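J.: The structure that follows is given in the form of structure tokens.
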Amino acid sequence: MRSIWTALVMLVLAALLGGCGGGGGGSATSPPTTTALPKGDVYVSAQSVTLQVAPGAITYYTLDGSTPTENSARYTGPVAVAATANLKFFSVDGEGNRESVKTERYLIAGGALLRLSATGGGGQLAGVKVELTLPAGVSVATSGDGSVPDGVVSPSANTFQGGSVLSFPGALSYDPATRVLTFYIVSSLTAGFGSGEFAAVAIQGSGALPDAGAFSAVLAAVDLQGNVLSSGAPVASFRVEQ
């Protein structure tokens, strides 16, 4: 008789425990979270990108700009990003919970980079106008008509996710006579951006490049349309990476 009661108690407990998943049998409802390391940014050379996710999840990705599906390449090890590309990816866990597609953009300069940072400027900035003077022997790539091609100037670091280079007439130009490169970087983020690195410029030169102290720039705070504001001007600092 005692064994019968024990069996009944066990059945009741099993039924109670089995119903604690809110009708889902206790399966997880949160999708996995995948992280790319290093994150998308501007780099001098090719990058080996690791996609990290919890054990048991399967990650799918593309490098050609298309949206990945479960028929796309399956992540099995670091992804080689040898040229500028958008890495898109998502993961699915063992319960079938699917993550939204994420995108990391990698810009591979293939040469030397001049990284620009800003300090001051009276707080958060919607954007900044840059008049960058290059030292003798240093230049940037230009097209046959003298225009500056895409990829020479790129948003980076704290503006990268919401930053862009303005493209209205004359917004991006290079004068070889004065070696002045003019461009505008703006942020689509509501908070704008503050102090820190905000842009990278692909530079070229014959022989060894000069150190950061040979570069100079005049910065001005601008709005999202590129109009110069009367607020305090930020101050530029530089780092050469090659």
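Derivation of every value follows stated rules applied to the coordinates shown; laboratory data play no part. Nothing here was measured: the structure is a model prediction, and the numbers come from that model. Note: ideal-geometry Cβ built from the backbone for every residue, glycine included; neighbour counts use all protein chains shown.
J.: Report the dimensions of the range 120-242 along its three principal axes from the alpha-carbon atoms, largest first, rounded to Å.
T.: On the principal axes, the range 120-242 reaches 41, 30, 26 Å in Cα extent.
J.: What FRET efficiency comes out for ASP150 versus VAL228 if R0 is 35 angstrom and r is the Cβ-Cβ distance? Round to the nearest 0.05.
T.: For R0 = 35 Å, the calculated efficiency reads 0.90.
J.: Using 1/(1 + (r/R0)^6) with R0 = 51 angstrom and r between the beta carbons of ARG98 and ALA177, what's the FRET efficiency to the nearest 0.05?
T.: Once the sixth-power term is evaluated, E becomes 0.35.
J.: Additional query: Each residue of the range 171-186 in turn: what ³J(HN,Hα) in whole Hz from Karplus with 6.51, -1.76, 1.60 and θ = phi - 60°, glycine and Pro shown as x?
T.: So the Karplus estimates, Gly and Pro as x, are 5, 10, 8, 9, 9, x, 5, 9, 6, 9, 9, 10, 7, 10, 10, 10 Hz.
J.: Take every Cα pair under 8 Å in the range 112-241 that's 6+ residues apart, average their separations, divide by the length, and report that relative contact order as a whole percent.
T.: The normalised contact order for the range 112-241 reaches 45 percent.
J.: Explain nothing, just compute: Karplus ³J(HN,Hα) = 6.51 cos²θ - 1.76 cosθ + 1.60, θ = phi - 60°, for every residue of the range 200-211 in order, whole Hz, x for Gly and Pro.
T.: Using θ = phi - 60°, the values come out as 9, 10, 6, 10, 9, x, 8, x, 5, 7, x, 7 Hz.
J.: Going by amide H atoms built from the backbone, whose H comes under 5 Å of the H on GLY194, apart from near neighbours?
T.: LEU125
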